[in-house]
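The values are calculated or read from the model by the stated rules, or taken from the named source; none is laboratory data. Just so we're clear, the structure is a prediction, and the values are computed from it rather than from any experiment. Virtual Cβ from ideal backbone geometry, glycine too; neighbours counted across all protein chains shown. Heavy atoms of the whole protein, side chains included, go into the accessibility calculation; ligands, DNA and RNA do not. Shrake-Rupley method; radii C 1.70, N 1.55, O 1.52, S 1.80 Å.
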Amino acid sequence: MSPPTALDVNLVGVTDTSTVPVPEPLTVNGVSAWREKTAKVPTGVAAACNSDMFKSPASTLKTAARYLKTPGLISLGGGLPSPEYFPFEHLDIKVPTAPGFSPEATRESGTVLRAGKHDIQEGTSTYDLEIALNYGQATGAAPLLRFVTEHTEIIHSPPYSDWQCTLTAGSTYAWDTALRVFCERGDYILMEEYTFASAAETAFPLGIKVAGIPMDEQGLIPEAMDKILGDWDVAARGARKPHVLYTIPTGQNPTGATQSAERRHAVYKVAQKHDLIIVEDEPYYFLQMQPYTSGDASPEFINSLVPSFLSMDTDGRVVRLESFSKVISPGSRVGWIVASEQIIERFIRNFEVSSQNPSGIAQIALFKLLDEHWGHSGYLDWLINLRMSYTARRDSLVHACEKHLPREIVHWEAPSAGMFQWMSIDWRKHPGIAAGKTHADIEEEIFLSAVNGGVLLSRGSWFKPDHDTVEEKMFFRATFAAASSEKIDEAISRFAQSLRAQFGL
């Protein structure tokens, strides 16, 4: 069942709620006609599929023939349980209907979507519980794979032909698999000098070490990465030169930094020079915000998204990790990877003997919401709404910083994307320095003082993956993702009070 056609969606960026330029003919409005020219969604149990089946008509459907059903075939070969014994007749979920995305509007006027056990037989859907609750392919369910393939082409339009998508059991598992596919025990990988702690902690048990790349307000510095690789001493490091870069280019966790298009092109050139695989982890890509202003002005929204590494990948060296975690639900544990056909094949082989595929219940819930209810235009409307909401939360936190924090010891920049505010503390002004206290001692004191004062922030050292380098600066991270404006203001006020007490201000 095709998504509803948008009435008048213009994605060229002429209004303050527009998103990203979309190359013709892959417009959101053109998806229905586009689907008429691509392969039909296979509806059997564990139906095999790949992205080539669902790309725009310019793609060659070279493997479509092998997915045709054999007439009269009786299969006794598989080990599939009978759906007769699945104790779920239907699942109902209530979801927002555009433009009423608020919780209140959803309660009052949301739409109840029903996934039944026999929807395919009854001709009401291309995906039902009989299929979703059974074993599946490592690529994920065909109807949802079709949606993310179309979404990838609409938003990123990868500049080479043999790219593929595969669904994953969340981005963390996709990253774990990337490490297993690309690295060997004893290897180094490159990461920003401060990065998502769980990403580093995924690498360490595999015997993989990290070389941290210095950062500025736009994230990793390409010249610094080039120097690290150019000066790499195999004997001193005890390992070959890294060939994998893990980066969070947009709303970076924990710093909130966003790489500009120019910065990404520069990073990509360094990757070409040293033959690096770029693992582009982008959970915050659609949480790009309007510029922060401290007055009452209402600046225009950003008219277009910063181009992704995938959109400039002429070599097939980018592995893009996509996620519904920050824009739909982390509990769905559904994400997807975009990369070259050869790389995706390696991921699929690994998934077949490990995670197998994401939860069928999660997949059908997302399919009902994204494909049958919202469609691509409705999903982009949701993302725009989400970006506006996070902008307001960001503004609340930055305003609280301006209102409460002592500027003589704290510095911050308003993030342009993501969920995090990164605050630099001038720890050398701490009175404990005279008593011989170390960076770690003072960070611990500030952290515990804040906790005792009733506010929890994250310590910057928690996000430093390269433990061989000395930490010269001190940071704390606050998130504006969940708390109300009132609680954000109170939390920053409490942090400011603890800082003043610690520094004797």
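Using alpha carbon centroids, what distance separates the stretch 76-142 and the stretch 435-495, in Å?
43 Å
Per-residue HN-Hα couplings for the stretch 253-262, Karplus 6.51 cos²θ - 1.76 cosθ + 1.60 at θ = phi - 60°, whole Hz, x for Gly and Pro?
Result, rounded to whole Hz: 9, x, 7, x, 5, 10, 6, 5, 4, 5.
Around Pro242, under 10 Å between beta carbons, what's the net of Lys plus Arg minus Asp minus Glu among the other residues?
Neighbour charge sum, excluding Pro242 itself: +3.
Quick one: pull the percent of accessible area on the stretch 332-462 belonging to carbon and sulfur, 1.4 Å probe, ligands and nucleic acids left out.
Of all accessible area on the stretch 332-462, carbon and sulfur atoms account for 54 percent.
Given H placed 1.01 Å from N in the peptide plane, which residues other than close sequence neighbours of Val279 have an amide H under 5 Å from its amide H?
Close amide H contacts, sequence-distant or interchain: Leu245, Tyr246, Thr247, Val319.
Taking amide H positions as placed 1.01 Å from N in the peptide plane, with prolines and chain starts having none, which residues 5 or more places from Asp119, or on another chain, fall under 5 Å of its amide H?
Leu129, Glu130
Sorting check: for 105-111, 486-492, which peptide has the highest mean count of neighbouring beta carbons within 10 Å, and how do the rest follow?
Highest to lowest by the protection proxy: 486-492, 105-111.
Taking K and R as +1 and D and E as -1, what net charge do the other residues with C-beta under 14 Å from the C-beta of Met225 add up to?
So the surrounding residues net to -2.
Magnitude of the Cβ-charge dipole of the stretch 153-304, K/R +1 and D/E -1, about the Cα centre, nearest 20 debye?
In debye, rounded to 20, the stretch 153-304 gives about 520.
Can you list the HN-Hα couplings for the stretch 184-191, worked out from phi with the Karplus curve (6.51, -1.76, 1.60; θ = phi - 60°), rounded to whole Hz and with x for Gly and Pro?
Per-residue couplings from phi come out as 10, 4, x, 6, 9, 10, 9, 9 Hz.
Based on DSSP, what percent of beta bridges with both residues in the stretch 72-211 are antiparallel, to the nearest 5?
70 percent
Where a ≥ b ≥ c are the square roots of the eigenvalues of the C-alpha gyration tensor, would you call the stretch 206-364 rounded, which needs a/c under 1.5, or, failing that, prolate if a/b is larger than b/c, or oblate?
Verdict is oblate for the stretch 206-364.
Quick one: accessible area per residue over the stretch 372-505, 1.4 Å probe, rounded to a whole number of Å²?
44 Å²
DSSP loop trypsin sites (Lys or Arg not before Pro) in the stretch 148-214 with at most 14 other Cβ atoms within 10 Å of their Cβ, which ones?
Counting only loop positions with at most 14 other Cβ atoms within 10 Å, the trypsin sites (Lys or Arg not before Pro) in the stretch 148-214 are Arg185.
Could you work out how much longer the chain between Ala434 and Lys273 gets when fully extended? Use 0.36 nm per residue separation minus the Cα distance between them, nm to one decimal.
Extra length from Ala434 to Lys273 when fully extended: 53.3 nm.
In whole Hz and in residue order, list the ³J(HN,Hα) couplings for the stretch 358-365 that follow from phi through the Karplus curve 6.51 cos²θ - 1.76 cosθ + 1.60, θ = phi - 60°; x for Gly and Pro.
Each residue's phi maps through the Karplus curve to give x, 3, x, 5, 5, 5, 6, 5 Hz.
For the stretch 352-462, restrict the atom set to alpha-carbon positions and state the Rg and Dmax in Å.
Rg, Dmax (Cα atoms, Å): 21.6, 65.
Quick one: if the Förster radius is 60 Å, what FRET efficiency do Leu505 and Ser32 give, using the C-beta to C-beta distance and rounding to 0.05?
0.45
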